[in-house]
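Engineer: Supplied in structure tokens, the structure appears directly below.
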Amino acid sequence: MGDGLKERTAKGLMWGAVNNLTTQLLSALIGIVLGRLLEPAEYGMVGMLSIFSAIAGSLQESGFTAAITNLKQATQRDYNAVFWFSTFVSLTLYLVLFFSAPLIARYFHQPGLVDLSRLVFASFVVAGIGTAHAAYMFRNMMNREKAVTGFTALAGSGVVGITLALNGYSYWSLAWQQFAYICLVNVGRLYYVRWMPSMHIDLRPVRQMFGFSSKILLTNIMNQINSNILSVIFGRLFSAGAVGNYTQASKWNTMGHSLISGTIQQVAQPILASINEEEDRQLNVFRKMLRFTAFLSMPAMLGLGLIADFIVLLLGQQWTDSVSLLRILCIGGAFLPIQTLYQNLFISHGRSDTYMWSTAAQIAVQIGFILTFSQWGVTGMVAAFALMQVLWTVVWQVLAGRLTGLRFLDVLKDIVPFLLSAVGCMTIAYLAARDIRQPIVSIAVRMAVATAAYILIMKVAKVRIFDECLNYFLSLIKSRR
């Protein structure tokens with residue numbers, strides 16, 4: 001990897017990590033406070049709407065962030081077209097969902113969802129206005145600015161949510177928190193991206209990008225369906241409390257794997273696209289990113305599963321059923337950042353069609369697999385969901401091998417050592433703390449032993465990616481003195 005590219009990647013990863021780490025830590029803190037103030041059923045009310053929010057968000061963005069990033073030169077005309085298209089789509093979506101609110105409430109047997117959904121869906125309109133600015137920040141790798149914006153928005157919206165929860169607003173506090181977050185994020189984008197749309201509405205650039213972006217759009221919708229399908233199924237088959245327990249477990253799992261996925265995603269497509277015409281170099285860069293991803297995701301996600309009982313410690317006994325669900329989800333979550341990296345490889349090659357069809361097949365197989373295990377209740381269905389997430393990584397590799405010549409054996413060499421190291425460390429940590437009865441002490445011991453064991457293995461094995469990360473952060477510390 002050339003020095004210039006290496007420096008860009010390192011800085012992008014660093015600020016991407018800062019962005020995701022700070023927002024996830026703050027989100028966790030806010031989630032702990034709200035989790036102690038609210039009941040599982042109250043979380044379940046908002047959780048039932050998550051799939052509609054996710055799909056609408058994908059529709060208003062329409063894949064144009066990836067499309068603009070792949071352009072050799074993005075002009076004012078391109079951004080202006082995306083702005084007006086996203087704004088029109090967002091307004092249309094809100095009108096459709098506003099009048100569909102009674103049908104949604106009837107499906108879930110929850111009359112309260114009518115008014116609640118109309119507030120939650122209002123955030124789509126605000127989000128649509130900021131799509132072009134978000135695309136600009138992503139293309140130009142403005143990860144430091146994104147970190148400041150995300151942290152500020154999360155802090156402000158957290159204050160809104162907690163204040164309302166303390167005053168007895170129940171699930172409305174979660175809805176207003178979401179709305180406030182979107183508004184504050186857009187304010188931050190407008191502050192850092194000093195670009196304003198013109199009143200000259202020309203959607204021709206959108207039509208030119210739509211062949212590529214439409215496939216990204218469809219794939220994003222399918223990904224959102226895949227991520228939220230269990231909430232929809234559980235909302236129909238089980239109580240709001242069951243949905244709430246799954247929502248809580250899924251939230252922590254998502255926070256864990258998205259911390260890594262988000263860090264990788266903020267640099268993967270821009271970097272891979274910039275060297276798209278240098279096949280050997282791109283393959284080497286991809287494999288290095290793959291090793292870095294596995295180095296982080298395996299211990300982080302399996303470690304999160306190891307200490308999943310922190311949910312009860314932090315939120316209370318009412319969330320006990322979430323613990324086992326989180327442990328199962330973390331197994332699949334360990335492989336999701338790797339899948340994200342594969343997906344960015346296809347996008348950087350302009351192969352949004354392969355990305356789309358692979359995702360469609362994954363969802364179809366996964367839904368069938370989940371329903372097959374429905375007789376085992378919530379736990380069985382969650383286990384089937386996590387298992388398919390692990391297995392589908394192989395499918396992504398087969399497709400990547402056809403596209404780039406990436407060999408399966410090389411991928412195993414890049415991933416398996418970190419997987420085995422993480423499993424070994426978690427086993428040692430579990431055995432070290434199994435006789436400790438105090439929950440907080442037990443969790444602390446597991447965390448300390450697992451972390452120390454993993455670092456020791458990396459040092460003894462002289463793992464290059466570990467040494468490079470350590471040296472880079474040490475150089476940053478020295479440069480600050």
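Engineer: Using alpha carbons only, how many angstrom separate the centre of the range 83-114 from the centre of the range 415-443?
Structural biologist: Using only Cα atoms, the two centres lie 45 Å from each other.
Engineer: Provide the per-residue ³J(HN,Hα) series for the range 126-135, in order, calculated from phi with Karplus coefficients 6.51, -1.76, 1.60 and θ = phi - 60°, each as a whole number of Hz, with x at glycine and proline positions.
Structural biologist: 5, 5, x, 5, x, 4, 4, 5, 5, 5
Engineer: Separate question: Let me test this: with uniform point scatterers at the alpha carbons of the range 240-368, what is the Debye-based log₁₀ I(q)/I(0) at q = 0.13, 0.22 1/Å?
Structural biologist: Treating every Cα as an identical point scatterer, log10 I(q)/I(0) equals -0.63, -1.20.
Engineer: Binning at 10 Å from 0, report for the range 294-418 what percent of all alpha-carbon pair distances ends up in each bin.
Structural biologist: Spelled out bin by bin, the range 294-418 gives 12, 36, 33, 16, 4, 0 percent.
Engineer: For the range 143-185, what is the Kirkwood hydrodynamic radius in Å, using each pair of distinct C-alpha atoms?
Structural biologist: Kirkwood radius, the range 143-185: 10.3 Å.
Engineer: Step through the residues of the range 448-453 one at a time and calculate ³J(HN,Hα) from phi using the Karplus curve (6.51 cos²θ - 1.76 cosθ + 1.60, θ = phi - 60°), rounding each to whole Hz and writing x for Gly and Pro.
Structural biologist: 5, 5, 4, 5, 4, 5
Engineer: Please work out the ratio of the alpha-carbon Rg of the range 108-178 to 2.2 N^0.38 Å and round it to two decimals.
Structural biologist: For the range 108-178, the normalised Cα radius of gyration comes out at 1.38.
Engineer: Right, next: Largest first and in whole Å, what are the equivalent-ellipsoid semi-axes of the range 346-481 based on the Cα gyration tensor, each being the root of 5 times an eigenvalue?
Structural biologist: Each semi-axis is √(5λ); the values are 34, 28, 14 Å.
Engineer: I need the phi-derived Karplus couplings for the range 367-383: 6.51 cos²θ - 1.76 cosθ + 1.60, θ = phi - 60°, integer Hz, Gly and Pro marked x.
Structural biologist: 5, x, 5, 5, 5, 4, 9, 5, 5, 8, x, 4, 4, x, 5, 5, 5
Any read-out appearing in this document is the output of simple, stated calculations on the displayed coordinates, not a laboratory observation. Predicted model, so just to flag it, every value in this text is computed and none were measured.
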